[in-house]
Amino acid sequence: MNNIDFLAIGDITADAFIRLSGNDADIIKNPNEEGSKICFNFGDKIEYDFVKQVYAVGNSPNAAVSAVRLGLSSSLLANVGKDDLGEKTIATLKENGVTTSLIRTHAGKKTNQHYVLWYGAERTILINHEEYPYELSNIGDPQWIYFSSLGEKSIEFHHALAAWQKEHPKTKLAFQPGTFQIRLGKDKLKDLYEVTELFFCNVQEAQRILETEESDIKALLKSMCALGPRISIITDGPRGAYTYDGEEIWHMPMYPDPKEPLDRTGAGDSFASTFTAMLALGESVPEALRRAPINSMSVVQYIGAQEGLLSREVLEEHLKNAPADYKATKVE
């Protein structure tokens, strides 16, 4: 473990993608997409086209696979049940080159299974997290820790990780909060924010964390960094992504999709993990920002969050062929 470049920590699940038929669902959209709804008639039998089962996914597992594809040694600290899903989960990670020695298997517990209602390019995920005993094992001294979504019984683990990070300053922490971690807010995770090197979220998540209706991206970036992260990265949907390192703000547009997205699952994970991996590989913040949207573009062309993850060679080829207006610009 002392030689690991990239250690991802977070819950792992199997996703069953249920492709809904276009005949039985109605989408009620708000102009800004926030709060849009997918609706069915209560009591109806709803047709679906097919189901595809995907193993070993979740914010952190997706990041671990992404890091391997980009050329880093990668491991995952997670929990599974002693069941068929758990065995397939570990086997899938190994097939993708992820070290699995820190995955704990628990007798009498189930591996997390989520159900993805997939309609058009969007998805609504039905989640259920098994309660595991979260423990910070002997993780050595990885170059980077990538920390993301955990279940609601994990608050003490967050404090343990923050304490570990303070004692191991050579390891850098990237934090991409999941639903529960965002819900906790900034005060309960104050110690974790203070030891974070990279922080990732979107505009709406930043507003929830900061408990503000502020919409100015520069103000949100500076407020996030004021909590402790050295570099904050906020994505803003089709308007691209922004970074702030305490001195400079950079903006990067989306990389153009070659065709209509198939499934947006994992777009945020691929962006955040690619940005982190690029810094681990020695790139600057603007160069990492140029590369991260390319992996997001590729992921949304496939079902699930991992099939479209790119190798470093293919990613660089996309960058080489990028349109002229695809560039990082400094925001004054």
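The values are calculated or read from the model by the stated rules, or taken from the named source; none is laboratory data. Since this is a predicted model, take the numbers as computed values, not measurements. In this analysis, Cβ positions are derived from the backbone assuming ideal geometry, glycine residues included, and neighbour counts consider all displayed protein chains. What goes into the accessible areas is simple: the full protein's heavy atoms, side chains included, and nothing from ligands, DNA or RNA. Shrake-Rupley method; radii C 1.70, N 1.55, O 1.52, S 1.80 Å.
For the chain, calculate the relative contact order in percent as a whole number, restricting contacts to Cα pairs under 8 Å that are 6 or more residues apart.
This gives 17 percent for the chain.
Arranged from highest to lowest average of other beta-carbon atoms within 10 Å per residue, in what order do the peptides 245-256, 315-326 appear?
So the order, starting with the most tightly packed, is 245-256, 315-326.
Taking amide hydrogens as modeled 1.01 Å from N in the peptide plane, which residues meet the under 5 Å criterion relative to I249, leaving out close sequence neighbours?
It is V331, by chain and number.
For A16, which sequence-distant residues (separation of 5 or more, or a different chain) have an amide H within less than 5 Å of its own amide H, given hydrogens modelled in the peptide plane?
For A16, the qualifying residues are V54, H114, Y115, V116.
So how long is each side of segment 163-299 along the principal axes, counting just the alpha-carbon atoms, biggest first, in Å?
44, 35, 28
Mean separation of Cα pairs under 8 Å and 6+ residues apart, divided by the residue count of segment 10-141: what relative contact order is that in percent?
29
Taking the square root of 5 times each eigenvalue of the Cα gyration tensor, what semi-axes in Å does the equivalent ellipsoid of the chain have, largest first?
Each semi-axis is √(5λ); the values are 27, 26, 21 Å.
Share of the chain's accessible area from carbon and sulfur, percent, 1.4 Å?
47
Listed highest first by mean packing, meaning other Cβ atoms within 10 Å per residue, what order do 18-29, 50-61 come in?
In descending order of packing, they fall as 50-61, 18-29.
How many percent of Cα pairs in segment 1-95 exceed 16 Å?
In whole percent, the long-distance tail amounts to 67.
May I ask you to evaluate 6.51 cos²θ - 1.76 cosθ + 1.60, the Karplus curve with θ = phi - 60°, for each residue of segment 257-269 and list the ³J(HN,Hα) values in order in whole Hz, giving x for glycine and proline?
5, x, 7, 4, x, 8, 7, 7, 4, x, 4, x, 5
List the residues, sorted by chain then number, that are 5 or more residues from M254 or on another chain and whose placed amide H is less than 5 Å from its amide H.
G240
Distance from the Cα centre of segment 283-332 to that of segment 89-133, in angstrom?
26
Send over the Kirkwood Rh of segment 229-332, from the inverse of the averaged 1/r over different Cα pairs, rounded to one decimal Å.
By the Kirkwood definition, the hydrodynamic radius is 13.7 Å.
Using the heavy atoms of the protein chains and a 1.4 angstrom probe, tell me the accessible area per residue for segment 198-332 in square angstrom.
43
Below 18 Å, Cα to Cα, which lysines can K94 reach? Residues fewer than 8 away in the same chain don't count.
K82
What do you get when you divide the Cα radius of gyration of segment 42-184 by 2.2 N^0.38 Å, with N the number of residues?
Ratio of Cα Rg to 2.2 N^0.38 Å: 1.15.
Taking only C-alpha pairs under 8 Å that are 6+ residues apart, what is the relative contact order of segment 165-323 in percent?
15
List the trypsin sites (Lys or Arg not before Pro) in segment 140-206 that DSSP assigns to loop (not H, G, I, E or B) and whose Cβ has at most 15 other Cβ atoms within 10 Å. Which are they?
For trypsin sites (Lys or Arg not before Pro) across segment 140-206 that sit outside H, G, I, E and B with at most 15 neighbouring Cβ atoms in 10 Å, the list reads K153, K170.
Show me, for segment 54-61, the HN-Hα J-couplings you get by feeding each phi into the Karplus relation (A = 6.51, B = -1.76, C = 1.60, θ = phi - 60°), rounded to Hz, glycine and proline as x.
After applying 6.51 cos²θ - 1.76 cosθ + 1.60, I find 10, 9, 6, 10, x, 3, 6, x Hz.
I need the phi-derived Karplus couplings for segment 233-241: 6.51 cos²θ - 1.76 cosθ + 1.60, θ = phi - 60°, integer Hz, Gly and Pro marked x.
10, 10, 9, 9, x, x, 7, x, 9
Please tell me which of these pairs span more than 27 angstrom C-alpha to C-alpha: K29/K320; K45/K110; K170/K222; K222/K320; K110/K170?
Beyond 27 Å between Cα atoms: K29/K320; K45/K110; K222/K320; K110/K170.
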